Each structure stands twice: as C-alpha cells, then as structure tokens.
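Written below as structure tokens is the structure these notes are about.
The values are calculated or read from the model by the stated rules, or taken from the named source; none is laboratory data. Quick caveat, the model's predicted, so the values are computed rather than measured. Glycine also receives a Cβ, built like all others from the backbone with ideal geometry; neighbour counts cover every protein chain displayed.
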C-alpha cells in the first residue's frame, strides 16, 4: 500500500518543540469525511462497463512484502533501521520476513493469475540492487527481479515497476538522504541500472510512490523512516524528490523503448466545512500540500506558491535551471486515493487549517479513515482539469478486521468498499475523465509501515507465522468480476 495522513487538532495549551512540529506536520495531513455514494446496482456492475482496454491489477511494495532483509547481498534500508529501533513500530514488529514474497513469489504470482488479474505492480528495493546506494551492483538482487519479471510474463501477467517506494539505502541517509541534493545523482544511477537491466521486458514504470508522504512523515514530523524533524529537512526533501521524479522519467525514456512512464501521487479531495471565504481559503491551502505540490512542477507550472506563500522558502534549495529540470511529460499520472478531507480555518502553522473529525454515523476503516467513495470521483474530476494524458488509479483499498471461520474470510465491508469506489470511478470515466486502469491495494496482507502487521489491506490473507495464504471473499469477488467476458 500505498502512506495515508492523519490530521491533528491541538488540544493542550503547551507542548515541547518536537510535539509542536509533529502537530504542524499532522496538520498538513489527512483523515476524511462523509460519503455520498453513487454506486451502480450490482446486477449492472460489470467489467464490461469500463471498456476492453481498461487495465486491472494489484499493487505491492518491496519493503512491505519481500522480507529477506539481509540475505543475498542486500544492504540495509532506512526502513530496516527504523523498524529495528525500539518504539518505532506500534506492535513492535519488523519486516525482516514480512510476507516472504522473496521466497513465495512463484506461488503468489500463480495465485494472482488464478484471480484473473493481468497486471502486477511491485517496487524495486534500492538496497537490494545497490547495497551501498551507489557503486557496485548486487547481481543476486538483479537475478531476483529478473525471476519475478520472467515469471509474470510466463503467466501472462504484465509487470509494472515502481522504482522508489520509500526504502532508501541507509548508507545514503547517513549522507543526508533526501535532504542532500546529491540524491539526484544517486537516484539517477539507480534508475539507470534498473531501466537497463529490466527495460527489455518491462514497459510500464512508476518513478516515485507518494512523495508527499515520505517527505512529510519522514523528514518533517519524524513518524516514518528516517524519523527526521524540521522545516529545512522537509523543504529540501520536497525539492529534491520533485527533481528526481522528473529526472527518473527522462532516464527511463532514454533507456526503454516504447515505455509508458508515470509517477504515483497520493491525493484527497479537500472540501471546506462551510462556504465562507475563510473556509475556502483554508481548503485551498491544504489542497496545495496534498494534491498540487508535485504534479504542478512536473507540468511546468512551478510550485503553487501564490496559494501557499510558505512554499517560497523552497527558493533556499533551488538553483538556476531547476524550473526546467522539474518538468517531465509523463505518459500517465498514478493517483492513490482512500478518502476525502473536510477542513476549516485553524491554528496549524503554514496551512492555517484544521481537519474535521468524521461524523457520528460515518463508516470507518480499521485505520480510522472514513469511507467516502464520492471523494475519488471529485478528485478525479479535479485532476482531469490538468493537461494529463491519462490517469491510472495506482492504489485504492481498505483495511478492515478479518475473521477466519473454517478457513473462510467473509470480508463484506471490503467488497462494498471496492464496489462503491469503482462505481464512482466509472462515473468519472463516463463523464470524460481519461482513466485507463485500476490497481487494488493490496494483493496480500503485509507490513503496514509504522502500524506493523495489525492492518489488513489484502484481498488475500496471510498468516505471518506460517506464511499461509487464504483468498478472502474480496479476492473471489474480483476473480468473478474479472472473468466476465462480454466484449
């Protein structure tokens, strides 16, 4: 899965610097409110309605699934270090084994094929390819991803590579990580290696997964790896990630013929609590951080400083010529959405907005996020106003508590979630939004970052003690949905 924000509200009159900065960061983050569902009746809801070229897949990430954290030459990542640090993961677990995809991938890919998915998105562990971040290539790491790619192709599954899904090599973090402008060169070397080694078979690429997430949580408020706190680390990481997003695209285009290149952006529709101008301005400021911060520089529009003057501080880290370097003509934009945000003017510095809590009757996921299907419709309509060639939903899903009864998991809430969100995606598509694919988050229950193993996002269950997989009813629902052949 794809990261998700939690928007904090100040309750105590005094706090220390660390807690204050955490509040600021949390204020830039999210929760979401009140659904307005426009799902299509079940008897009419078929794969056929999305068109015969619509691409259906599942999304995963290396750190959350692979395990094998220190074998076959793999180096340490910032998430290895973070998860091994006492008190950082809520349930005290780590991802040393995770879902053991490193060893289980042959059977997992066959299971994916059996569920009728034709596209598999996975990420490349940077430290498995370049254990020191740069320099010597780990051939065992290359061999592993070659096996995964070749297995996909043999099974009739299209491999989609995401290059960076948050697991920076620790050796690079020791040199400043995303706060060091040298990250552009380090990342370019990584992309060069991957695009040359895998580009003969992989045509679909995502450069970076949710840059808003890892810069805010990792370099501003310290909730995620590498656990750093501060305004300057946050701003510098934003600019360097935006530069890498574009440079990675240019390198893939150079090295991979007939490639299709995108990047994966977290997004949420922002609504003011009231129609008053103050509320609307607060919503606009939050919208800058959540939705506009990385797409607009890539489109050549620059950072949206007019609507959030705080971003002028990015100038401290900008060099002549950077405006051009930030631009890249992506073939598609990946959007990752789970909920919307209702906001009002508030005391959180920089955005001066507060997140409204969900209403009493709101349906919540196991993560505490409000189920709001119409939010995905509205954010699709918002992004459709940009000059984007196509949009792919590269993550969407929900965590709900699962109960195993006689080897069976009846995850009714999750099925309803998918139907309602897909209904609103179809509504946007029918109104002319250029949506060409949908990826479920996620395939198999995994390590959910700071939350550990408690949240269950998979359409396939995993027992982390035995690594036994059980297909949930949501997985069987997709199997039946995707085997429909009315074309």
**Asked** Which residue pairs have Cβ atoms under 9 Å apart, sit 6 or more places apart or on different chains, and have a first residue in the range 138-156 that is free of Cβ contacts under 8 Å to residues at least 24 places away in the same chain and a second that is part of a helix (DSSP H, G or I) and surrounded by 19 or more Cβ atoms within 10 Å (Cβ to Cβ)?
**Response** 154/109
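Look at the range 52-66 and say how many of its residues are part of a loop (DSSP other than H, G, I, E, B), surrounded by fewer than 24 Cβ atoms within 10 Å (Cβ to Cβ) and either at pLDDT below 95 or under 22 Å from the mean Cα position of the chain (by Cα) (or both).
First, pick out the residues of the range 52-66 that are part of a loop (DSSP other than H, G, I, E, B): 52-54, 60-61, 66.
In the following step, the residues that additionally are surrounded by fewer than 24 Cβ atoms within 10 Å (Cβ to Cβ) were identified as 52-54.
Next, from what is left, pick out any that are either at pLDDT below 95 or under 22 Å from the mean Cα position of the chain (by Cα) (or both): 52, 54.
The qualifying residues number 2.
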**Request:** Please name all residue pairs, on different chains or six or more residues apart, with Cβ atoms under 8 Å, provided the first residue is in the range 465-476 and is part of a helix (DSSP H, G or I) and the second residue is surrounded by fewer than 16 Cβ atoms within 10 Å (Cβ to Cβ) and at pLDDT 95 or above.
**Result:** 473/408; 473/410; 473/412
**Asked** How many of the residues in the range 303-345 are surrounded by fewer than 18 Cβ atoms within 10 Å (Cβ to Cβ), under 25 Å from residue 277 (Cβ atoms) and touching a helix residue (DSSP H, G or I) at 6+ places or on another chain (Cβ under 9 Å)?
**Response** 4
**Message:** Could you tell me how many of the residues in the range 322-343 are farther than 20 Å from residue 241 by Cα, part of a strand (DSSP E or B) and at pLDDT 95 or above?
**Reply:** 0
**Asked** Tally time: how many residues in the range 390-415 are without any contact (Cβ under 8 Å) to a residue 60 or more places away in the chain, part of a loop (DSSP other than H, G, I, E, B) and either out of contact with any strand residue (DSSP E or B) (no Cβ under 9 Å at 6 or more places or on another chain) or exposed (fewer than 15 other Cβ atoms within 10 Å of the Cβ) (or both)?
**Response** 5
**Message:** Filter the range 266-287 down to the residues that are outside any loop (DSSP other than H, G, I, E, B) and in contact with a helix residue (DSSP H, G or I) (Cβ under 7 Å, 6 or more places away or on another chain) and list them by number.
**Reply:** 266, 270, 271, 272
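Applying the selection to the range 308-320, what residues are in a loop (DSSP other than H, G, I, E, B) and under 25 Å from the mean Cα position of the chain (by Cα)? Reasoning before the result, please.
Here is the first cut: in the range 308-320, the residues in a loop (DSSP other than H, G, I, E, B) are 308, 318-320.
Selection gives 308 alone.
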**Prompt:** Got at least one residue in the range 233-245 being touching a residue at least 40 places away in the same chain (Cβ under 8 Å), in contact with a strand residue (DSSP E or B) (Cβ under 6 Å, 6 or more places away or on another chain) and surrounded by 18 or more Cβ atoms within 10 Å (Cβ to Cβ)?
**Reply:** yes
**Asked** Of the residues that sit in the range 356-387 and are in a loop (DSSP other than H, G, I, E, B) and without any contact (Cβ under 8 Å) to a residue 24 or more places away in the chain, which one is nearest to residue 283 (Cα to Cα)?
**Response** 385
**Message:** I need every pair where a residue in the range 277-304 that is on the phi > 0 side of the Ramachandran plot has its Cβ under 6 Å from the Cβ of a residue that is at pLDDT below 95 and not in a helix (DSSP H, G or I), sequence separation at least 6 or different chains.
**Reply:** none
**Of the criteria (1) assigned to a loop (DSSP other than H, G, I, E, B); (2) surrounded by fewer than 23 Cβ atoms within 10 Å (Cβ to Cβ); (3) in contact with a helix residue (DSSP H, G or I) (Cβ under 9 Å, 6 or more places away or on another chain); (4) at pLDDT 95 or above, which one residue 447 fails** = (2)
**Item:** Candidate set: the range 172-217, residues that are more than 26 Å from residue 141 (Cα to Cα) and either free of Cβ contacts under 8 Å to residues at least 60 places away in the same chain or surrounded by 18 or more Cβ atoms within 10 Å (Cβ to Cβ) (or both); chosen: the one nearest to the chain's Cα centre (by Cα)
**Value:** 213
